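Comments concern the structure below.
The values are calculated or read from the model by the stated rules, or taken from the named source; none is laboratory data. Bear in mind that the values here come from a model prediction, so they are computed numbers and not experimental data. Heads up, the Cβs are rebuilt from the backbone with ideal geometry, glycines too, and the neighbour counts pull from every protein chain shown.
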Amino acid sequence: GENVEQHPSTLSVQEGDSAVIKCTYSDSASNYFPWYKQELGKRPQLIIDIRSNVGEKKDQRIAVTLNKTAKHFSLHITETQPEDSAVYFCAAFKKLGNEKLTFGTGTRLTIIP
Amino acid sequence: GAGVSQTPSNKVTEKGKYVELRCDPISGHTALYWYRQSLGQGPEFLIYFQGTGAADDSGLPNDRFFAVRPEGSVSTLKIQRTERGDSAVYLCASSLNGGDRSTQYFGPGTRLTVL
């Protein structure tokens, strides 16, 4: 089955700086990669996603890049703000076969004011 | 519109008891997923429904776990003879059609504590 690894497990950045979270996946058949943000005690919420036919996607301060050959994808947050503090999860989805998201172990991001 | 809802928000039970956790998906969503999230971990897949049928139950840890979706909307996750290791947050998600073209929207979860 699919295995998703996520690094780092914790990340602290100064407000206004950029944050980068990296994930790798094992199954080359995975074709959809969402990122979820989860605040303490709250539900995971989708913040951005990317499909395997695209190398990069951007939405305001958030961007995701995908390298299919290397089987890794990254989340980039620029101009970080205190409200960006949360746990971020990457995930991988394979269209054929298992209809499920396989999640990484999460990155706790802390923005230092 | 209303998002995915789950009840109860918290459930405390004793070892050996039976529990039911309920999920109300977004109206019109045909796909429904159950995940389990342990402290400090990402959600872990349990089961996927497409309509009324369980299309993939490969994530259910053992036969104490069972889930139904009799009318293709509300789903119930049932755990028999609960064990302390079952303590976790149980998350439900729904998507419009399933597959990789439909975003999965999560509910707030049910925190299950087995004493």
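Residue-wise test of (1) within 19 Å of B:A2 (Cα to Cα); (2) acidic (D, E); (3) away from chain A (no Cβ under 14 Å).
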{"residue": "B:Q50", "(1), (2), (3)": "no, no, no"}
{"residue": "B:N62", "(1), (2), (3)": "no, no, yes"}
{"residue": "B:E83", "(1), (2), (3)": "no, yes, yes"}
{"residue": "B:A93", "(1), (2), (3)": "yes, no, no"}
{"residue": "B:F106", "(1), (2), (3)": "yes, no, no"}
{"residue": "B:V114", "(1), (2), (3)": "no, no, yes"}
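Would you check which residues across the range A:55-90 are in a strand (DSSP E or B) and hydrophobic (A, V, I, L, M, F, W, C) and list them?
A:I62, A:A63, A:V64, A:L66, A:F73, A:L75, A:I77, A:A86, A:V87, A:F89, A:C90
Which of the residues belonging to the range A:48-74 are within 14 Å of another protein chain (Cβ to nearest Cβ) and touching a residue at least 24 places away in the same chain (Cβ under 8 Å)?
Once the filter is applied, which keeps residues that are within 14 Å of another protein chain (Cβ to nearest Cβ) and touching a residue at least 24 places away in the same chain (Cβ under 8 Å), the range A:48-74 yields A:I48, A:L66.
Of the residues A:E99, A:E79, A:E83, which single one is acidic (D, E), surrounded by fewer than 23 Cβ atoms within 10 Å (Cβ to Cβ) and within 13 Å of chain B (Cβ to nearest Cβ)?
Being acidic (D, E), surrounded by fewer than 23 Cβ atoms within 10 Å (Cβ to Cβ) and within 13 Å of chain B (Cβ to nearest Cβ) holds for just one of A:E99, A:E79, A:E83, which is A:E99.
Only residues that are at pLDDT below 95 and not polar (S, T, N, Q): list them for the range A:98-113, please.
A:E99, A:K100, A:L101, A:P113
What strands (runs of 3 or more DSSP E) lie completely within the range B:46-115 and have 2 or more residues being touching a strand residue (DSSP E or B) at 6+ places or on another chain (Cβ under 8 Å), more than 25 Å from B:K17 (Cα to Cα) and in contact (Cβ under 8 Å) with a residue 40 or more places away in the chain?
Hits in the range B:46-115: B:88-95.
So that you can scan it fast, the table gives a plain yes or no per residue for (1) under 11 Å from the mean Cα position of the chain (by Cα); (2) at pLDDT below 95:
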residue: B:G16; (1), (2): no, no
residue: B:R22; (1), (2): yes, no
residue: B:G28; (1), (2): no, yes
residue: B:Q37; (1), (2): yes, no
residue: B:A55; (1), (2): no, yes
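Are any of the residues in the range B:32-42 surrounded by 20 or more Cβ atoms within 10 Å (Cβ to Cβ), touching a residue at least 40 places away in the same chain (Cβ under 8 Å), part of a loop (DSSP other than H, G, I, E, B) and within 14 Å of another protein chain (Cβ to nearest Cβ)?
No - not one qualifying residue is present in the range B:32-42.
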